[in-house]
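The values are calculated or read from the model by the stated rules, or taken from the named source; none is laboratory data. All figures in this text were calculated on a predicted structure; none of them were measured in a lab. Counting neighbours? That spans all protein chains shown, and the Cβs are built from the backbone with ideal geometry, glycine included.
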Amino acid sequence: MDNLKHLYVETDSLELKESRSTGWLRVIIGDAFNIDAREGQYKGKRKQQFFATFSIPGRDHQIHDEIKRVYNASRIRYVEEDVQSREVFEFKVSPEASDEEKKLQVTTMLGEVVASVGGSVETFDFVPTSWQRKAIEFIAQCWSEGKWTLILELAARFGKTGTYLTLFDYSDAQVMVVANYFKSVNTSFADTIVRFFRDRMRWVNIGDEDFEEQLAAALAAGYKVVVGAALHEKARLKSRIELLQSIEKRFVVVDEADFGTHTKNQIAKVEALRKDCPLILTTATNADRAAANHKIDASLSVTYFDMLVMAGAS
């Protein structure tokens, strides 16, 4: 039996919806020996979303007391009027962020508090599939040969997000820029970081008001940083691309490269982002359209049939 207490964080869809207007996400922070069993108690009663767990040396009240310290007041506040007042807190989040990005913001802030009292974040191991390993090995081989501009046409259900996060995890890069036309496609990256990589990666949106501060703080703390760069953003985009150019150990992934980012208006931004660093164009369809305005050094295509064959072989 596990004798270690685990800290858990939960919220629900109504609180996530409310945060879109308030900029504060209400969560419950509690502890349990078995979080799966605790989560199971709510099934059929209310749709709680358990989204973060931590190992802690004592009880949850130690974390609650630490959260209430004055220096956290601008980012976290204690909800005294709630019926479960000892465990309810509100975290400052970006109102326009996706639900998964908000959960990651909460996890990051709470992780700092947990670490300050000797606790640690809990993550699951991400185990790449055979087709994901093939893509990672292809990219690594190309980079070793000086081939920096790649296009990967990967079938639906390939697991592109996990593939690129694992590549980033294995690499010596400090920053991976995930560029796309619309911000919404970044949700899967934030979700996967929460579940598998939050102990060593941070997510920052290029459109955030305090982007520069978030990026600098994460790098200074030794984290790898995934930067979500929606190319339709206009505010301060040029200066922020220039800041990213100054980071030598980085690479750029253009997600859904056949949609929006392939146009002449966006190509200049992509080229600026990848100045003096590797570029990976990735798409599930229309690879020719995605590659039309780039000089491609190498390409890889993996179909759904290929994935079935590799799954059978393994």
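The helices (runs of 4 or more DSSP H) found entirely in the stretch 240-314 that carry 1 or more residues being over 26 Å from LYS134 (Cβ atoms), within 26 Å of the chain's Cα centre (by Cα) and without any contact (Cβ under 8 Å) to a residue 24 or more places away in the chain are 264-273.
Residues in the stretch 197-215 that are part of a helix (DSSP H, G or I) and either of a type in the set (Ser, Thr, Tyr) or under 22 Å from VAL114 (Cβ atoms) (or both) were compared, and the one that is modelled with the lowest pLDDT is GLN214.
The rows are residues; the columns are (1) surrounded by 13 or more Cβ atoms within 10 Å (Cβ to Cβ); (2) hydrophobic (A, V, I, L, M, F, W, C).
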| position | (1), (2) |
| --- | --- |
| ALA217 | yes, yes |
| GLY228 | yes, no |
| LYS234 | no, no |
| ILE241 | yes, yes |
| ASN265 | no, no |
| THR283 | yes, no |
| LYS295 | no, no |
| MET307 | yes, yes |
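Of everything listed in (1) more than 21 Å from PHE138 (Cβ to Cβ); (2) in contact with a strand residue (DSSP E or B) (Cβ under 6 Å, 6 or more places away or on another chain), the single unmet condition for LEU279 is (1).
Being under 27 Å from LYS234 (Cβ atoms) and modelled with pLDDT of 95 or more is the filter here; which residues of the stretch 152-167 pass it? The answer is TYR164, and nothing else.
When you look at ASP191, is it surrounded by fewer than 21 Cβ atoms within 10 Å (Cβ to Cβ), within 25 Å of ASP31 (Cβ to Cβ) and under 16 Å from the mean Cα position of the chain (by Cα), yes or no?
On the way: surrounded by fewer than 21 Cβ atoms within 10 Å (Cβ to Cβ): yes; within 25 Å of ASP31 (Cβ to Cβ): yes; under 16 Å from the mean Cα position of the chain (by Cα): yes.
In short, yes.
Do we find that LEU167 is surrounded by 19 or more Cβ atoms within 10 Å (Cβ to Cβ), in contact with a helix residue (DSSP H, G or I) (Cβ under 8 Å, 6 or more places away or on another chain) and free of Cβ contacts under 8 Å to residues at least 60 places away in the same chain in this structure? Criteria met by LEU167.
Just checking: which of the strands (runs of 3 or more DSSP E) contained wholly in the stretch 46-156 hold 1 or more residues that are touching a His at 6+ places or on another chain (Cβ under 7 Å) and not assigned by TED's automatic domain parsing to the domain that holds GLN214?
Details: elements: 48-55, 76-78, 88-92, 149-154.
Filter on the stretch 46-156 gives 48-55.
Look through VAL194, VAL177, VAL225 and report the one residue that is within 24 Å of SER120 (Cα to Cα) and assigned to a strand (DSSP E or B).
Values: VAL194 fails: assigned to a strand (DSSP E or B); VAL177 fails: within 24 Å of SER120 (Cα to Cα).
That would be VAL225, the only listed residue that is within 24 Å of SER120 (Cα to Cα) and assigned to a strand (DSSP E or B).
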